[in-house]
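The values are calculated or read from the model by the stated rules, or taken from the named source; none is laboratory data. Fair warning: this is a prediction, and the values are worked out from it, not measured in the lab. Cβ placement follows ideal geometry from the backbone for every residue including glycine, while neighbour counts extend to all protein chains displayed. Heads up: the accessible areas ignore ligands, DNA and RNA and are worked out on the full protein's heavy atoms, side chains in. Shrake-Rupley method; radii C 1.70, N 1.55, O 1.52, S 1.80 Å.
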Amino acid sequence: MADIDDLPANLDVLRLVRRYEPVLRFTAGEMFFPMPVEDYVAQAALWASPQDGDTAALLLDHGQLDPDRLAAAALEHPNAYLFLRYAPKALQGREARAWRKRPDRPKFTGVSRLAAVGLLGRFISSGMRLSLMLRGTVPGGLSAAAQQQYGATLPVRHAYHAHVSTDGGYLIIQYWFLYAMNDWRSGFSGVNDHEADWEQVTVYLASDGTEAASEDPDRWVLSWVAFSSHDEAGDELRRRPDDPDISWVDDTHPVVNVGAGSHSGAYLAGDYLVRVQPLALRRTFGVFTSVRSLVFPWAPNGPFLGIGIPYVDYRRGDGIHIGPGTSRPWTPILIDSSTPWVRDYRGLWGLDTADRFGGERAPAGPRYERNGAIRASWADPVGWAGLDKIPPNRAARAAADAARIAELDARINELDAKINTGQRELRRAVGGIEVLPPTVTSADGGDDGAATRLAARELALRELRSQRRSAVNERDQLRHVRSEMLYSPPHAHLRHRAVPEKAVAPGLLLRFWSGASLSVLLFLLGVALLFDLGPLFLVVGIAILVVMAVEALLRGRLFVFLPAVAIIAAVSLLIWLVVTQLRIALGVLALAAAVASGIANLRDLLTRR
């Protein structure tokens, strides 16, 4: 792998970068857009995080920083946990109210995220909201202060920071975008807020196979595109240029629909329902999902049974557009691992809230994680997108296929030799056993022992033949089918294709219920417990069933809910009978089996011709 300084000396890197720079389409209401590191740092202050109960220490105040001074300060404090502060303080009281009411503030209309998910998702979401009081979070009014400071510098330069590298036959261009603020929570009812935000778009280019390609940008062909996303990793990140989900400007500039406040990227414009699973709760969610799929196999992903903390990521593309073909061009900035601020500053790019969940802490820069380790996407962009197994071009594909065919030919020859040897040994053994008298074979374990040894040899020979058939099948496919195949379908490598939610507006009653259902459930439980209306288990079960029945009715899923309740009740009754009345339980099972068998046999008789 090589950084930009190790690329061919005569390759016009800037021309290559500009040829594939993306077009970013934002959601109406977005207030922060990509800016140069130089502009961000010039307005920021550098702090050292508190250690062992100390208070945070100001190292360089607002107006005293530039990228080179930031790198130098990082070297001067190698053992400190550093972070930047873009906004000096959050807006409070009258200032915050005036900012919210100002007439030039971008307007945004969202949807009811709670109406799109089930009761359990709402319960978990409320718990996470309450946890904000205990976690380290971004102060209220900080996004307002950041936007006020950001807006004071208008007109701003819209910039990306391009990192170019090579690996595994690919030439990779990463477009890194720095935002002054992620205001997903406060601005768009999302997961989190944090000062500063780094996102990326990565394009993977492959040589056309000629020697001239090393120095000619026009001979590098686009192979894959990957947008940073909250929900995808590995193979799920990347798409082929012929993927119909991707829009293009002038054939080489991919269109990215940017999440409002979150700045994640999407191929298709729309509203995306995401279910966030904190690491601490991921195992619990996994167990519940498995049980849910077992009990309700007909509706494993329905909104009524949704699991996780529900949020909407608005990636509508109906706001400001930046990039080629728009009125807002890019300012390109080339970076690599020797760029001082990239190499030396390992701290955070915004306020360090010390959030235990990590969501409200500012991010580290493009090269480093928060713990100072080098990002996989920076150091290993090919492996990060699952491309280690994908040859970059047809020539590489053909060479890999030829090598695999040669490997299979050698394997087939090896298996042929083993099969011939095994066949001869098996025939000799059978002949020898057949001519020996029973007294000799019985002394060596009897007829059963000899037969067992012969069966083992025959089974081993069959396994060798099975391996040979598989090898021949793969070799023939490579020889005769691969040469005729252009590409697999564009979505063949995706286990989950992210698409926007269907634009179905919930009714007024459902919107009201989605906000009130949790309070209704807790109210019913509180009344039942205070007035001692029955056993705790029974009271809780009835309260939950009542709330779930109303939920199902409002969603038009009552005839799905009722059979599910009946199944759960029947299974619970059967378990109770097994524990307390085994004889009755077995009788019930026998009757149920008789009815099911009779129905099946009758159906078979009626349909037989």
Report the FRET efficiency, 1/(1 + (r/R0)^6), for residue 379 and residue 189, where r is their Cβ-Cβ distance and R0 is 41 Å, rounded to 0.05. 0.70
In square angstrom, rounded to the nearest 10, how much accessible surface does residue 176 have for a 1.4 Å probe? 10
Pseudo-spin-label distance residue 101 to residue 570, built 7 Å along Cα→Cβ, given in nm, is 6.2
Got a sec? What order do 453, 375, 469 fall in by accessible area at 1.4 Å, biggest, i.e. largest, first? 469, 453, 375
The extension gain from residue 520 to residue 62, computed as 0.36 nm times the residue separation minus the Cα-Cα distance, is 159.9 nm
Once both labels are modelled 7 Å past Cα along the beta-carbon direction, what's the residue 469-residue 318 spacing in nm? 5.8
As a test question: what accessible area, to the nearest 10 Å², does residue 314 have when a 1.4 Å probe is rolled over all protein chains in place? 10
Nearest-0.05 FRET efficiency for residue 369 and residue 55, computed from C-beta distance (R0 41 Å): 0.95
Estimated distance in nm for a label pair at residue 388 and residue 479, the labels positioned 7 Å out from Cα along Cα-to-Cβ: 3.2
Would you tell me the accessible area of residue 272, worked out with a 1.4 angstrom probe on the heavy atoms of the protein chains, in Å² to the nearest 10? 10
By accessible area with a 1.4 Å probe, ligands and nucleic acids excluded, highest first: order of 576, 248, 349: 576, 248, 349
With a Förster radius of 60 Å, plug the Cβ-Cβ distance of residue 337 and residue 401 into 1/(1 + (r/R0)^6) and report the FRET value to the nearest 0.05. 0.95
Taking the Cβ of residue 34 as the centre, find all other residues whose Cβ is under 14 Å away and add up their charges (Lys, Arg: +1; Asp, Glu: -1). -3
Order of exposure, largest accessible area first, which applies to 407, 236 with probe 1.4 Å: 407, 236
